[in-house]
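S.K.: Got a structure for you, written out below as structure tokens; questions coming shortly.
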Amino acid sequence: AQSVAQPEDQVNVAEGNPLTVKCTYSVSGNPYLFWYVQYPNRGLQFLLKYITGDNLVKGSYGFEAEFNKSQTSFHLKKPSALVSDSALYFCAVISNRDDKIIFGKGTRLHILP
Amino acid sequence: DTGVSQDPRHKITKRGQNVTFRCDPISEHNRLYWYRQTLGQGPEFLTYFQNEAQLEKSRLLSDRFSAERPKGSFSTLEIQRTEQGDSAMYLCASSLGQGADGYTFGSGTRLTVV
């Protein structure tokens, strides 16, 4: 069965500092990995994805994520955080053997001015 | 086409009443998904359609829940005899094919059962 773990319920970072939001996954088959962001009372917005190829993927709003197959991780990163990055972030996975995306429980990111 | 639309945005209903939500996907997307999100949790899969065929239903989808996509375009999710535990955000998403490119989500319908 597929699963996604986001070990941190909340991450606090000072504005201008680098941020990392952690994600590990478990799938049968090859993983397709995603990060989504959710603002209050809104649906999920796509940030970036890993399908194949370069392990470092770049997405919207300056975010990037690194796929690490040996550690089954897909951590989200940004070199310099903005207050407007404060939101709820979800890591998600689908395998090439399944038909639906499975989401982690989310990590709330607080960027402190 | 401006994306995935969901209606209504908010619904407050009394326990025991029936409610129906609508989702209009991106027009060229053949797959449509319903998820439920409760406070402090990630979205949980409920069901999905490929065109008009409902291909999978989660165990979360009790017999009080029914979903349809009659013409392979919009979809409805009906909850009969609502319970307070049904209070959640109901999210609809669509994709072209399996979803390796990710899903496009609507803004959701927030249901409150009082």
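The values are calculated or read from the model by the stated rules, or taken from the named source; none is laboratory data. This one's a predicted model, so the numbers in the text were calculated from it and none came from an experiment. Cβ: placed from backbone, ideal geometry, glycine included. Neighbour counts: every protein chain shown. When the accessible area is computed, the model is the full protein with side chains, heavy atoms only, and any ligands, DNA or RNA have been set aside. Shrake-Rupley method; radii C 1.70, N 1.55, O 1.52, S 1.80 Å.
S.K.: Mind checking which residues of segment B:4-32 are at pLDDT 95 or above and either closer than 20 Å to B:ASP63 by Cβ or among the hydroxyl-bearing types (Ser, Thr, Tyr) (or both)?
M.R.: B:SER5, B:THR13, B:ARG15, B:GLY16, B:GLN17, B:ASN18, B:VAL19, B:THR20, B:PHE21 - these are the residues of segment B:4-32 that are at pLDDT 95 or above and either closer than 20 Å to B:ASP63 by Cβ or among the hydroxyl-bearing types (Ser, Thr, Tyr) (or both).
S.K.: Return a yes/no flag: does segment B:75-91 have any residue that is under 27 Å from A:ASN30 (Cα atoms), open to solvent by less than 40 Å² (accessible area, probe 1.4 Å) and either hydrophobic (A, V, I, L, M, F, W, C) or in contact (Cβ under 8 Å) with a residue 24 or more places away in the chain (or both).
M.R.: Taking segment B:75-91 first, the residues under 27 Å from A:ASN30 (Cα atoms) are B:91.
Checking which are open to solvent by less than 40 Å² (accessible area, probe 1.4 Å) leaves us with B:91.
Subsequent filtering for residues that are either hydrophobic (A, V, I, L, M, F, W, C) or in contact (Cβ under 8 Å) with a residue 24 or more places away in the chain (or both) retains B:91.
Within segment B:75-91, one or more residues are under 27 Å from A:ASN30 (Cα atoms), open to solvent by less than 40 Å² (accessible area, probe 1.4 Å) and either hydrophobic (A, V, I, L, M, F, W, C) or in contact (Cβ under 8 Å) with a residue 24 or more places away in the chain (or both).
S.K.: Turning to a different aspect of this structure: Does B:PRO70 satisfy the condition of being open to solvent by less than 50 Å² (accessible area, probe 1.4 Å) and either away from every other protein chain (no Cβ under 11 Å) or in contact with a strand residue (DSSP E or B) (Cβ under 7 Å, 6 or more places away or on another chain) (or both)?
M.R.: Working: open to solvent by less than 50 Å² (accessible area, probe 1.4 Å): no; either away from every other protein chain (no Cβ under 11 Å) or in contact with a strand residue (DSSP E or B) (Cβ under 7 Å, 6 or more places away or on another chain) (or both): yes.
No.
S.K.: So A:SER95 ticks every box in (1) open to solvent by 40 Å² or more (accessible area, probe 1.4 Å); (2) within 14 Å of chain B (Cβ to nearest Cβ); (3) in contact with a Ser or Thr (Cβ under 8 Å, 6 or more places away or on another chain) but one. Which box is left unticked?
M.R.: Going through the list (1) open to solvent by 40 Å² or more (accessible area, probe 1.4 Å); (2) within 14 Å of chain B (Cβ to nearest Cβ); (3) in contact with a Ser or Thr (Cβ under 8 Å, 6 or more places away or on another chain), A:SER95 breaks only (1).
S.K.: Also: Restricting attention to segment B:30-65, report how many residues are of a type outside the set (Lys, Arg), open to solvent by 30 Å² or more (accessible area, probe 1.4 Å) and either more than 8 Å from chain A (Cβ to nearest Cβ) or closer than 30 Å to A:ASP9 by Cβ (or both).
M.R.: Here the count works out to 15.
S.K.: Please go through segment B:1-44 and pick out each residue that is assigned to a strand (DSSP E or B) and closer than 20 Å to B:LYS71 by Cα.
M.R.: Across segment B:1-44, the qualifying residues are B:SER5, B:GLN6, B:ASP7, B:THR20, B:PHE21, B:ARG22, B:CYS23, B:ASP24, B:ARG31, B:LEU32, B:TYR33, B:TRP34.
S.K.: Is it the case, given these coordinates, that A:SER70 is closer than 16 Å to A:LYS22 by Cβ and outside any strand (DSSP E or B)?
M.R.: Values: closer than 16 Å to A:LYS22 by Cβ: yes; outside any strand (DSSP E or B): yes.
Yes: the conditions hold for A:SER70.
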